[in-house]
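The values are calculated or read from the model by the stated rules, or taken from the named source; none is laboratory data. Computed from a predicted structure; not experimentally measured. Here Cβ is always computed from backbone atoms with ideal geometry, including for glycine, and neighbour counts include all displayed protein chains.
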Amino acid sequence: MKKTIAIVGATESKGVEIANQFAGGDYRLLLISNDVAGLSRLSESIIVGNPGSEIDTIECVKDGCWEADVIILAVSYSEEKLVAELMREVATQKIVVSISGERNPDEELQLVLPYSSLVKVSFASHSKEIVISGNDKEADEEIAEIFSQAGYHTTIENHSLQSN
């Protein structure tokens, strides 16, 4: 069964990069942004380069995340909590990936999304090297596999989020 991956902040630089990398894979991509013109340009450029890609563009975070199996937050660290609040009720039992650059899973974000598996992906500057850390070994491994298939070189960091 084809996984559906939502990319929130798809028109941001990292969102565009990830969308382009994942477009060649066997995924359904939900590109989410409030930049309608940017979404249209991104979708068109991906389809030109990968004609078989299954892509939908959505402006509403909640609607886009509802359909997703995996949610990638390609937004700034300061926007993550707001976005998490918007998708909270539809992110239950889903993997949520933060690419904000913070190394360890953020406890505040986990509090907003208590029933989601939170995974942090840190990018090495100007390369396809990434470090994955999270609070769920299976989720970490699944995200490592998805990013590896998209051409990234992944390392899973042994990290466990402490719950109180």
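For the range 93-109, state whether one or more residues are among the aliphatic types (A, V, I, L, M) and over 25 Å from LYS137 (Cβ atoms). No; the residues of the range 93-109 include none that is among the aliphatic types (A, V, I, L, M) and over 25 Å from LYS137 (Cβ atoms). Of all the listed residues (ALA150, ALA144), the sole one being on the phi < 0 side of the Ramachandran plot and either at pLDDT 95 or above or loosely packed, with under 14 Cβ neighbours inside 10 Å (or both) is ALA144. Would you pick out the residues in the range 27-57 that are among the acidic types (Asp, Glu) and out of contact with any strand residue (DSSP E or B) (no Cβ under 8 Å at 6 or more places or on another chain)? Residues satisfying the conditions are ASP35, GLU44. The number of residues in the range 1-14 that are touching a strand residue (DSSP E or B) at 6+ places or on another chain (Cβ under 8 Å) and at pLDDT below 95 comes to 3.
The residue list GLY64, GLY134 contains one member that is touching a His at 6+ places or on another chain (Cβ under 9 Å), of a type outside the set (Phe, Trp, Tyr) and touching a residue at least 24 places away in the same chain (Cβ under 8 Å), which is GLY134. Out of the residues in the range 32-54 meeting the condition of being without any contact (Cβ under 8 Å) to a residue 24 or more places away in the chain and among the aliphatic types (A, V, I, L, M), tell me which one is farthest from ALA10 (Cα to Cα). Among residues in the range 32-54 that are without any contact (Cβ under 8 Å) to a residue 24 or more places away in the chain and among the aliphatic types (A, V, I, L, M), the one farthest from ALA10 (Cα to Cα) is VAL48.
Checking ARG28, ARG41 one by one, the residue that is of a type in the set (Lys, Arg) and either buried (at least 17 other Cβ atoms within 10 Å of the Cβ) or within 17 Å of ILE146 (Cα to Cα) (or both) is ARG28 and no other.
Scanning the range 28-49 for residues that are of a type outside the set (Gly, Ala, Ser) and in contact with a helix residue (DSSP H, G or I) (Cβ under 8 Å, 6 or more places away or on another chain) yields LEU29, LEU30, LEU31, ILE32, LEU42, ILE46.
For VAL75, the conditions (1) exposed (fewer than 13 other Cβ atoms within 10 Å of the Cβ); (2) part of a loop (DSSP other than H, G, I, E, B) all hold with the exception of (1).
In the condition set (1) surrounded by 19 or more Cβ atoms within 10 Å (Cβ to Cβ); (2) assigned to a strand (DSSP E or B); (3) modelled with pLDDT under 95; (4) not acidic (Asp, Glu), VAL96 is compliant with all but (3).
One residue stands out in the range 24-52 among those that are of a type in the set (Ser, Thr, Tyr) and not in a strand (DSSP E or B): the one that is nearest to ALA68 (Cα to Cα), namely SER33.
Scanning the range 79-101 for residues that are closer than 17 Å to ASN135 by Cα and in contact with a Cys (Cβ under 9 Å, 6 or more places away or on another chain) gives ALA91, LYS94, VAL96. If you scan the range 113-135, which residues turn out to be at pLDDT 90 or above, assigned to a loop (DSSP other than H, G, I, E, B) and under 16 Å from the mean Cα position of the chain (by Cα)? Within the range 113-135, LEU113, SER116 meet the criteria.
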